[in-house]
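Contents: one structure, followed by commentary.
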Amino acid sequence: MSTSLLAVAATASAEDEVIIEKPDFVPADGRYSIEVLESIGRVGGPVVSPDGKKILYGVSYESVEQNRSNQDLYVMDVDGGNKRRITRTARSEQGATWIDGGKRIAFIYPVDDVPQLWVMDADGNNRRAVSSVEKGIQGFLFSPDQKHVVMIGSVKYSKEAPEVYPDLPKATGKLIDDLMYKHWDEWVTEIPHPFLGDFDGERVDNVRDIMQDEPYESPMKPFGGIESFAWSPDSKELIYVSRKKTGMEYAISTNSDLYLYDLATATTRNITEGMMGYDTCPAYSPDGKWIAWLSMEHDGYESDKNRIMVMDRATGVKTDLTANWDYTVDAISWNVDSKSLYFIAPKDGVTPIFSIDLKKHEVKTVADGKYDYAALAPVDNKVLITMRHSMVAPNEIYSVNAKGVVTQLTEVNTELLSKVKMPTVEARMVPTTDGKEMLTWVVYPPEFDKNKKYPSILYCQGGPQSAVSQFFSYRWNLALMAANGYVVIAPNRRGLPGFGTEWNAQISGDYPGQNMRDYLSAVDDMKRESYIDSEHIGAVGASYGGFSVYWLAGNHDKRFKCFIAHAGIFNTEAQYLETEEMWFANWDLGGPFWDKNNAVAQRTFASSPHKFVDKWDAPILITHGEYDFRILASQGMMAFNAARLRGIPTEMLIFPDENHWILKPQNAVMWQRVFFSWLDRWLKDEK
């Protein structure tokens, strides 16, 4: 395993590039548009200084012209005062945090296009690179005594063709003999590993791979980051998350564990052995007596209930704090007194902040409302710093005091959005076909008039088990859809978190079942309103939402006038063999289609959307990225070909350089333009 170092230049090559500033855009007509969406400042962070007096955070802006984004860093007092920008650079400072008791800031920035660890004074001066890891780093976490730092690097996983056949230096073939040879949007040639370095305050040295030659990921692809690591308060131990499996064993299992690395002995032990699902997000209590983490019970079920587990370090006894709380948890943070934890969890269509007592396991609501909260940074026992957003407002930073009073600290987008006429959002309870009630968000156009008739859009969520809460998306932006003159219907159908484990789990093995009836129930309920033009309703969605659109296209009984599917599953049999994380396909589809004795699998595959193409009767737009290895672009191409062969009006938008998401600014703008052009053509222009 290579840990060799490269000499680094004193300055980064990125300094010669154009700096991206806040867009100078004024929405003259007051309309919430694609241009407004692209002009929004994206707030990140926040990190509270060790003395509890300051907050470090980032703000990024997109440049459509340069086709990229850039984040700079800001500092403000903990009450929101004295805001100041401390970086103005051509590349983003990533992962920024306080060191030296708040006197300095550490962050990731490129050196000759290789991301390295940098430090600077708290005012942004005296920037310098302190690491020179050969392949760069993707994250870092200093020990509490700041004598050590763990950095996320990468190690080689597979051989390239010239390494196998040196006489064929231009050969590009990949010889594959096991599963997990691809993941989301990449061929797996390297995997992340934790590298430990010693830090003397000026330079990171003695960098070593603490997993040595183990062929396992840490953190886990594709979304794992520095939250996969935790230092003990005495800096003697480091916990890392890993699923120590490869090939087919990796592809069918979600069984990750927490590994405790002892710095003095350089030994590792598994502290969650026998716990069979995902174990993630370790966190030592400030007093060092406890370790908390998020844990799923079942192997192979990636959308299982996330429990808050704690382990008494003295006895090794593990306790499920949320055993009597029927919701899944997204994120945790210890309170500074070590007597309770804060956590974020979707519940009843929103994502509030809660606390749970370590002894009584009592759950209390800390901050709620028609919002989603998205960060946890305790200042002391009385104040918590967080971020929140809603369908009509992007992230800003807030403080929450002990009485639950929420105070806005940043106003990055206040001026811009004050010039825009925004949609309104309403919660509606819809009766379902099995006698339950379903919370459905309805987003109304600006200056909505109930005496007029509006075309509408059914929004089909992906995941399939991702919350339809008060999310703010830069692509599936429901407020933007409403601002274009549509009433948006967003049901919390079966299979979504926030309504108990039974509601969340029901969708697994029942893709074409109750959740589809839930969608139709929401549409039928809304059609009763006089302001809904029942002859002009569209259905849109991505990923599982794309599957939903394909399935509804053949089973909608004339409810929909047009469809849009992005990155959707069209043929579930093909999907079973095309995708890479087989645990997902096994759990949610029921298993392989060739298992004739598996009733769940047979029902799933018999109801694949492609089986109903003969019933397609409405125009459909299909979009996909060719770097999508989760749901291959061939799924969209099959659907497009089927529609064309059947004479259905259809278009296909393919991005050769995008994955499951459309991320590049110009591609994102193009996607939005095509999206609304299609909807307007079939839901407005035809009338």
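The values are calculated or read from the model by the stated rules, or taken from the named source; none is laboratory data. Note that the structure is a prediction, hence the values are computed from the model and not measured. No Cβ is skipped: glycine too gets one built from the backbone with ideal geometry, and neighbour counts run over all protein chains shown. Just so you know, the surface numbers come from the protein's heavy atoms only, side chains and all, with ligands and any DNA or RNA stripped out. Shrake-Rupley method; radii C 1.70, N 1.55, O 1.52, S 1.80 Å.
For residue 68, the residues 5 or more places off, or on other chains, whose built amide H falls under 5 Å of its own are 63.
Projected onto its three principal axes, the C-alpha set of segment 384-472 covers 43, 32, 26 Å, listed from the longest axis down.
Between the residues 56, 168, 152, the greatest Cα displacement towards the positive end of the dipole of segment 53-189, with unit charges on the Cβ of Lys, Arg, Asp and Glu, is found for 56. Got a sec? Which residues in segment 209-232 would a label at residue 198 touch, if it sits 7 Å along Cα→Cβ and we count backbone N under 16 Å? Counting only backbone N, you get 209-210. Per-residue Karplus couplings for segment 64-72, computed as 6.51 cos²θ - 1.76 cosθ + 1.60 with θ equal to phi - 60°, are listed in order as 5, 4, 7, 6, 7, 10, 8, 10, 10 Hz, Gly and Pro entered as x. Near the amide H of residue 630, within less than 5 Å, lie the amide hydrogens of 184, all on another chain or at least 5 residues away, with H placed in the peptide plane.
In whole angstrom, how far apart do the alpha carbon centroids of segment 141-177 and segment 381-454 sit? About 44 Å separates the Cα centre of segment 141-177 from the one of segment 381-454.
Residues 436, 53 ordered from highest to lowest accessible area at a 1.4 Å probe: 53, 436.
Taking Cα atoms only, the orientation of helix 544-553 departs from the longest principal axis of the chain by about 10 degrees.
Share of carbon and sulfur in the accessible area of the chain stands at 49%, probe radius 1.4 Å.
With each label modelled as a point 7 angstrom along the Cα→C-beta vector, the residue 654-residue 128 pair spans 5.2 nm. Karplus-derived 3J(HN,Hα) values for segment 154-165, using 6.51 cos²θ - 1.76 cosθ + 1.60 with θ = phi - 60°, are 9, 10, 5, 10, 9, 8, 7, 3, x, 6, 7, 10 Hz; glycine and proline are entered as x.
Residues whose amide H comes within less than 5 Å of that of residue 507, counting only those at least five positions distant or on another chain, are 495 (H built at 1.01 Å from N in the peptide plane). With helices as the sole contributors, the chain gives -4000 deg cm²/dmol at 222 nm; each DSSP H run of n ≥ 4 counts as -39500 (n - 2.57), and the sum is divided by every residue. Along segment 168-185 the Karplus relation, 6.51 cos²θ - 1.76 cosθ + 1.60 evaluated at θ = phi - 60°, assigns HN-Hα couplings of 10, x, 9, 5, 10, x, 10, 8, 10, 10, 7, 6, 6, 7, 9, 7, 6, 9 Hz to successive residues, with x for each Gly and Pro.
Within the assembled protein chains, the solvent-accessible surface assigned to residue 72 is about 10 Å², based on a 1.4 Å probe. Using C-alpha pairs under 8 Å with a sequence gap of at least 6, the mean separation divided by the residue count of the chain gives a relative contact order of 9 percent.
Size estimate for the chain follows the Kirkwood approach: the inverse of mean 1/r over distinct Cα pairs works out to 26.6 Å. Take the chain with all the other protein chains still there, run a 1.4 Å probe, and you get 41 Å² of accessible area per residue.
Listed peptides 442-451, 592-601, 150-159, 510-519 appear in the order 510-519, 150-159, 442-451, 592-601 once ranked by packing, highest mean of other Cβ atoms within 10 Å at the front. The count of lysine pairs in segment 310-405 with alpha-carbon distances below 26 Å, taking only pairs 8 or more places apart or on different chains, stands at 26.
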